[in-house]
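The values are calculated or read from the model by the stated rules, or taken from the named source; none is laboratory data. Note that the structure is a prediction, hence the values are computed from the model and not measured. Using ideal geometry, Cβ is built from the backbone for each residue, glycine included, and neighbour counts are taken over all protein chains shown.
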Amino acid sequence: MVQVKICGLKTVEAVEAAILYGADFIGFVHFPKSPRHVSLAEAGKLADLARGRVKTVLLLVNPGHALIDEATRIVAPDFIQLHGSESLDDVRAIRLRANLPVIKAVAVETGQDVEAAAPYAEAAELLLFDAKPPKDATLPGGNGIPFDWSVLSGFNSDKDYMLSGGLDPQTVARAVRMTGAAIVDVSSGVESAPGIKDLEKIRQFIEQAKTGAQARK
């Protein structure tokens, strides 16, 4: 059965709802430009609530050594998600420094973007394929934009990958059927406004991701 990551959580209520409805991963965004940004202290408190119940993920963008050290000490997530322009060497170095598995987000528009991501599969625990942001976007992800899922058909790897980008309760089952993604990741698709999670949409998304794809085959 497909696994689900609910990202950009900021409140106890949203964390508890995601866990109650069956999320496998929950994510916290530490990136000040994002409406989903939380401080490391806030992320740490929320991660403590979830620890041992679901996997916790801290999203960072082009982090330096000091931030990596602070994040691992204060938040102690199960995974670090890199959602910037980190190079292959950066991913390897961050994984070693944090001593944590890394999820590397890859911005996708064409099949060439997917092919270019292949080397990262050896350095990261998981790849997350997300839509390439618009040229005027201020956020590297969470823009609510899908990409052409068919471009993933040429991706060959022994590892599972995450699918993100414009997913919501209405589209996630079809996305899983088309791509065969083992894990789906959502943020803006379960919100009532940027940064404000809708608990009912979280429930619907998880239900559709886990049962909708199988029911409609």
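When region 163-217 is limited to residues that are among the acidic types (D, E) and either in a helix (DSSP H, G or I) or out of contact with any strand residue (DSSP E or B) (no Cβ under 8 Å at 6 or more places or on another chain) (or both), the one that is surrounded by the fewest Cβ atoms within 10 Å (Cβ to Cβ) turns out to be E200. On the stretch given as region 25-58, residues that are crowded, with 23+ Cβ neighbours inside 10 Å, in contact with an Asp or Glu (Cβ under 8 Å, 6 or more places away or on another chain), more than 14 Å from S187 (Cβ to Cβ) and not hydroxyl-bearing (S, T, Y) total 0.
Would you pick out the residues in region 6-24 that are surrounded by 23 or more Cβ atoms within 10 Å (Cβ to Cβ) and within 16 Å of V38 (Cβ to Cβ)? Result: I6, C7, G8, L9, V15, A18.
If you go through region 173-201 and pick out every residue that is of a type outside the set (S, T, N, Q) and within 17 Å of D148 (Cβ to Cβ), you end up with 8. If you go through region 38-62 and keep only what is in contact with a helix residue (DSSP H, G or I) (Cβ under 7 Å, 6 or more places away or on another chain), assigned to a loop (DSSP other than H, G, I, E, B) and more than 14 Å from C7 (Cβ to Cβ), you end up with just R53. When the test is whether a residue is modelled with pLDDT under 90 and not hydrophobic (A, V, I, L, M, F, W, C), G189 does not pass it.
Scanning region 1-37 for residues that are touching a strand residue (DSSP E or B) at 6+ places or on another chain (Cβ under 9 Å), part of a loop (DSSP other than H, G, I, E, B) and within 16 Å of G195 (Cα to Cα) gives C7, G8, L9, K10, T11, H30, F31, S34, P35, R36. On the given criteria, is F155 at pLDDT below 85, of a type in the set (A, V, I, L, M, F, W, C), on the phi < 0 side of the Ramachandran plot and surrounded by 17 or more Cβ atoms within 10 Å (Cβ to Cβ)? It is true that F155 is at pLDDT below 85, of a type in the set (A, V, I, L, M, F, W, C), on the phi < 0 side of the Ramachandran plot and surrounded by 17 or more Cβ atoms within 10 Å (Cβ to Cβ).
Count of region 91-117 residues, restricted to those that are touching a residue at least 24 places away in the same chain (Cβ under 8 Å), in a helix (DSSP H, G or I) and either hydrophobic (A, V, I, L, M, F, W, C) or over 19 Å from F28 (Cα atoms) (or both), is 10.
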